[in-house]
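Below: the structure, in structure tokens.
The values are calculated or read from the model by the stated rules, or taken from the named source; none is laboratory data. All values reported here derive from a predicted model rather than from experimental measurement. Positions of Cβ are generated from backbone atoms using ideal geometry, with glycine treated the same way; all protein chains shown enter the neighbour counts. Each accessible area value is taken on the protein alone, full model and side chains, heavy atoms only, with ligands, DNA and RNA left out. Shrake-Rupley method; radii C 1.70, N 1.55, O 1.52, S 1.80 Å.
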Amino acid sequence: MHYDYLVVGAGLFGAVFACEMNKQGKKCLVIDKREHIAGNIYTEEVLGINIHKYGAHIFHTSNQEIWNYINQYATFNRFVNSPVAVYKEELYNLPFNMNTFSRMWNVKTPAEAKGKIASQIADLHITDPKNLEEQALSLVGTDVYEKLIKGYTEKQWGKPCTELPAFIIKRLPLRFTFDNNYFNDLYQGIPIDGYTSIVEKLLEGVDTRTGTEYREFIKANEETKEITFNKVLYTGMIDEYFDYKLGTLEYRSLRFEEEQLPECDNYQGNAVVNYTEREVPYTRIIEHKHFEFGSQPGTVITKEYPAEWQPGDEPYYPVNDERNDALFKRYEELARQEKNILFGGRLGQYKYYDMDKVIAQALIMVKEQREGSEE
Ligand code: UDP
């Protein structure tokens, strides 16, 4: 059997790429080491509720083209992410907005909130924030930083905020309005049939093999010569592909503890509750039914524990600091020298991409491949 592309990884990037290539008459074989498709956006039904098996995924984008694209494969509900943060006995709305500030300082107006922040950072003289701590302090002041950011961030990333890049905290909106929407994007929602169904539709008509690890597959195929292919799209870790020969890129891992609570209909009243103090070992508890306004009996919750990553563990987040980004560039250079290998997705491109960016990048790669083959 001959394929144009061997796609390694049946996650969102690989599935979009394979789907588009298939439409253009290019044959793809998609393999994934897991026993299921959909990578980390995999959802599975438990107690009649779609469970986000690898952490909460809320689709959001401002890109009309990407929104239209994903809507070909799903219908989205009206979910708006509005997490709650628990710090000791206190409860705050996220992202940082007038509800947060009024609870923190008993202020009523934006001017009062801004005045409070200004008075807290006046002595710090931060003009050009060089790390996450300076960035956070200059945006929200010391109280919000100490209660809602420092502990959460340091357990999430396993490093002091002074050693983390500032951009991470800029993912969160900061507003002086009473608006608890976690995202600023124009479009947002949860796919009504879950994310796995999106990937199933993307992979319709594409040969797909789960439980198939890349190296083992290549090795076995060298003997049987069952399959030939022109190019590989690899959506796993780029450093792993190259046997870590230039050194290891850093990742952050996660551990999930799922609990079924058939006797409890509503555990926490919200889809996402963050635990921002350092001493609580998990960062958040997800109650899946609230992503879908579920009214079924019982509930399922997942506690998310950040974890150190070591080779062999599941990588979830690239750690995009200077050292790692520089090392990634060297791997990219290696990739350029090799013919017929492409890298895509959060792991292959070593970028903290959200789902919409993953789709956008996959579509760019599709276009490049088409243009390349027309030359
Ligand atoms: N963050 C925080 N407190 C919170 C939630 C988020 O300080 O209660 C910071 C933290 O540094 C985190 C970053 O914001 O790493 C990005 O959070 P986001 O929710 O975007 O992370 P993701 O959902 O991608 O894990």
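Summary of values
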read-out: Acute angle (nearest 10 degrees) that the helix 322-337 long axis makes with the longest principal axis of the chain, alpha-carbon atoms; value: 20 degrees
read-out: Estimated distance in nm for a label pair at ALA122 and GLN296, the labels positioned 7 Å out from Cα along Cα-to-Cβ; value: 5.6 nm
read-out: Most mobile of LEU124, LEU47, LEU202 in a GNM of the chain (Cα contacts under 10 Å); value: LEU124
read-out: Directionally averaged projected area (convex hull, Cα atoms, the range 245-306), nm²; value: 6.0 nm²
read-out: Nearest-ten-degree value, helix 132-144 long axis tilted from longest Cα axis of the chain; value: 40 degrees
read-out: Over 30 Å (Cα to Cα) - which of LYS170/LYS329; LYS27/LYS170; LYS155/LYS367; LYS219/LYS339; LYS130/LYS367 fall in this group; value: LYS27/LYS170; LYS155/LYS367; LYS130/LYS367
read-out: Total charge dipole magnitude, the chain, about the Cα centre, Cβ charges on Lys, Arg, Asp, Glu only, Debye to nearest 20; value: 660 debye
read-out: Centroid-to-centroid separation of the range 327-367 and the range 10-48 [C-alpha atoms, Å]; value: 17 Å
read-out: Cα coordinate range in the range 15-66, projected on the principal axes (Å, largest first); value: 40, 33, 17
read-out: For the range 201-315: span of alpha carbons on each principal axis (Å, largest first); value: 54, 38, 19
read-out: Within the accessible area of the chain (1.4 Å probe), percent carbon and sulfur; value: 47 percent
read-out: GLU226/THR75 FRET efficiency (R0 30 Å; Cβ-Cβ; nearest 0.05); value: 0.15
read-out: Taking all pairs of distinct alpha-carbon atoms in the range 151-211, Kirkwood radius in angstrom; value: 16.0 Å
read-out: The range 136-261: radius of gyration over Cα atoms, expressed as a fraction of 2.2 N^0.38 Å; value: 1.58
read-out: Along principal axes, Cα extents of the chain, largest first, whole Å; value: 70, 50, 36
read-out: Mean projected area in nm² (Cα convex hull; one quarter of hull surface) for the range 25-146; value: 13.8 nm²
read-out: Residues whose placed amide H lies under 5 Å from that of ILE51, excluding near-sequence neighbours; value: GLU44, GLU45, VAL46
read-out: Nearby aspartates and glutamates by direct alpha-carbon distance to LYS289 (threshold 17 angstrom, same-chain neighbours under 8 apart not counted); value: GLU44, GLU45, ASP193, GLU257, GLU258, GLU259, GLU263, ASP265, GLU304
